[in-house]
Amino acid sequence: MLPVKTMGEGIKLPMLNGLGRTNRIDNWLKQPLAMGFGLTAAMIYTAWRLFLFPESVSYTLEGSTVMSPIFSPNVLEWKLFGLNEWKHPSWVNAAILVLWIPFGFRGTCYYMRRVYYRTFFASPTACWVDEPEINKALGYKGEKRLFVVNNLHRYFLYAAMLILVIKWWDVTHTLHFHGGWGVSIGTFVMGIEAFLLTMYVTSCHALRHLAGGALDRWTTGIGRVRGKLFGRISIFNRSHGFWFWTSLTFVFFGDMWVLAVSEGYLSDISLFVI
Ligand code: FES
């Protein structure tokens, strides 16, 4: 019988000292580098769209409206509180007003914390890879000072759930054409974005706690139902990182699609209208 390899096998103690030094022989740097690059690109692109090029945020096709995921929900068109008549400063746009919710939700996400602690602070650099001396000197202080905001994750979750409902509502606007109901490529773009975001929210650790994690037992009545719900969310939760990245990527893909169609580089088509 072949020997079974277990985690950590072949790694020698003591650990090597010095930033990035390790006995690991795999390409451990690849993942944090790719993630750091992805997050940096996402932040630069978002800043560009919000402050430098906040135009072409939606387009209409035979009466249907397709909205960029970055600028959806477009609260500046809401009649609620007279927002559609608000004489706002020229630098204000829908994304500036709303983006703090998805930003706060993702920024305080448990998975995201793991990613940014590793990629931006090298704390830890990676499993079994030594970290900078400054991290050792500072030590782990928990979620203090600026990081105390991480404790607000559950509240960002509630707000994100609201945004999610509005996202699906925005998808319905892509279905309504002058001649009746139908779908366009924009429907799929917005629909896939809403679906991926739904999966990201549904697999959230805080939602799992809300559903049933807070209970002592799941034996009778509503507790039993919540226990079952906890089990379901736990299944999605295993892939939380996957939903994080796919939903994030699709926000930008969707925005680029809307931008390209609005600017006339690509065209959308209605696939059927009934
Ligand atoms: Fe990642 Fe809640 S833990 S969104």
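For every helix of n ≥ 4 consecutive DSSP H residues, a contribution of -39,500 (n - 2.57) applies; sum these over the chain, divide by its total residues, and give [θ] at 222 nm rounded to the nearest 500 deg cm²/dmol.
-15000 deg cm²/dmol
Need one number: nm distance between label points at K30 and L99, each 7 Å from Cα along Cα→Cβ, rounded to one decimal.
3.2 nm
Which ³J(HN,Hα) values, rounded to whole Hz and listed in residue order, are derived for region 210-226 from phi using the Karplus coefficients 6.51, -1.76 and 1.60 in 6.51 cos²θ - 1.76 cosθ + 1.60 with θ = phi - 60°, glycine and proline given as x?
4, 5, x, x, 7, 7, 7, 9, 10, 9, 10, x, 5, x, 5, 4, 5
If you only keep lysine pairs separated by 8 or more in sequence, or across chains, how many in the chain come under 21 Å at the Cα atoms?
4
Using 0.36 nm per residue of separation minus the Cα-Cα distance, give me the extension gain between R224 and L146 in nm, one decimal.
Going from the current span to full extension adds 24.2 nm.
Given H placed 1.01 Å from N in the peptide plane, which residues other than close sequence neighbours of E62 have an amide H under 5 Å from its amide H?
none
So what does T249 come to for accessible area, using a 1.4 Å probe and Å² rounded to 10?
About 90 Å², ignoring ligands and nucleic acids.
What accessible area, in Å² to the nearest ten, does a 1.4 Å probe give for V165?
Roughly 100 Å² of V165 is accessible to a 1.4 Å probe.
Just to check I understand the Karplus step: with θ = phi - 60° and J = 6.51 cos²θ - 1.76 cosθ + 1.60, what whole-Hz values come out for region 143-149, glycine and proline as x?
Residue by residue, region 143-149 yields 8, 10, 6, 4, 6, 5, 4 Hz.
For the pair F81 and L19, how long in nm is the line joining their label points, each one 7 Å along Cα→Cβ?
So the label points at F81 and L19 sit 4.4 nm apart.
Principal axes first, then extents: for the Cα atoms of the chain, list largest minus smallest coordinate on each axis, whole Å, largest first.
Extents along the principal axes, in whole Å: 71, 53, 48.
Positive end of the charge dipole of the chain (Lys, Arg +1 and Asp, Glu -1 on Cβ, about the Cα centre): tell me which of W28, P124, W168 has its Cα farthest that way.
The residue sitting farthest along the positive end of the dipole is P124.
Quick one: 3J(HN,Hα) in Hz for region 259-273, Karplus 6.51/-1.76/1.60 with θ = phi - 60°, rounded, Gly and Pro as x.
4, 5, 6, 4, 8, x, 7, 10, 10, 8, 9, 8, 8, 7, 10
Can you tell me which of 251-262, 62-73, 131-142, 24-35 comes out highest on packing, and rank the rest after it, using the mean Cβ neighbours within 10 Å?
Numbers: 251-262: 20.2, 62-73: 22.1, 131-142: 10.9, 24-35: 12.7.
Per-residue Cβ counts within 10 Å, averaged per peptide and sorted highest first, yield 62-73, 251-262, 24-35, 131-142.
Let me have the relative contact order for region 22-164, percent, based on Cα pairs under 8 Å that are six or more residues apart.
Here the relative contact order equals 25 percent.
Please give the charge dipole size of region 19-144, origin at the Cα centre, charges +1 on K and R Cβ atoms and -1 on D and E Cβ atoms. Round to the nearest 20 debye.
Result for region 19-144 is approximately 480 debye, rounded to the nearest 20.
Name the long-range amide H neighbours of F177: under 5 Å, sequence gap of 5 or more, or other chain; modelled H, no Pro or chain starts.
For F177, whose amide H was placed from the backbone, the distant partners under 5 Å are G182.
Determine the dipole magnitude for the chain: charges of +1 sit on the beta-carbon of Lys and Arg, -1 on that of Asp and Glu, nothing else is charged, the reference point is the Cα centre, and the result goes in debye to the nearest 20.
1460 debye
Determine, at each q value in 0.11, 0.13, 0.15 (inverse angstroms), the log₁₀ of I(q)/I(0) that the Debye formula gives when each Cα of region 82-174 is one equal point scatterer.
-0.51, -0.65, -0.78
Which order do L162, L248 take when ranked by solvent-accessible area (1.4 Å probe, heavy atoms of all protein chains), largest first?
Largest accessible area first, the residues go L162, L248.
In Å², and per residue, what accessible area does the chain have when probed at 1.4 Å with the other protein chains present?
Result: 61 Å² of accessible area for each residue.
Kindly provide the Kirkwood hydrodynamic radius of region 172-261 in Å, to one decimal, from all pairs of distinct alpha carbon atoms.
Taking every pair of different Cα atoms in region 172-261, averaging 1/r and inverting gives 15.1 Å.
With all protein chains present, how much of the accessible area of region 175-240 (probe radius 1.4 Å) comes from carbon and sulfur, to the nearest whole percent?
Carbon and sulfur together cover 64 percent of it.
The values are calculated or read from the model by the stated rules, or taken from the named source; none is laboratory data. Quantities reported herein were computed from a predicted structural model and do not represent experimental measurements. Glycine gets a Cβ as well: all are built from the backbone with ideal geometry, and neighbour counts include every protein chain shown. Only protein heavy atoms, including side chains, enter the accessible area calculation; ligands, DNA and RNA are left aside. Shrake-Rupley method; radii C 1.70, N 1.55, O 1.52, S 1.80 Å.
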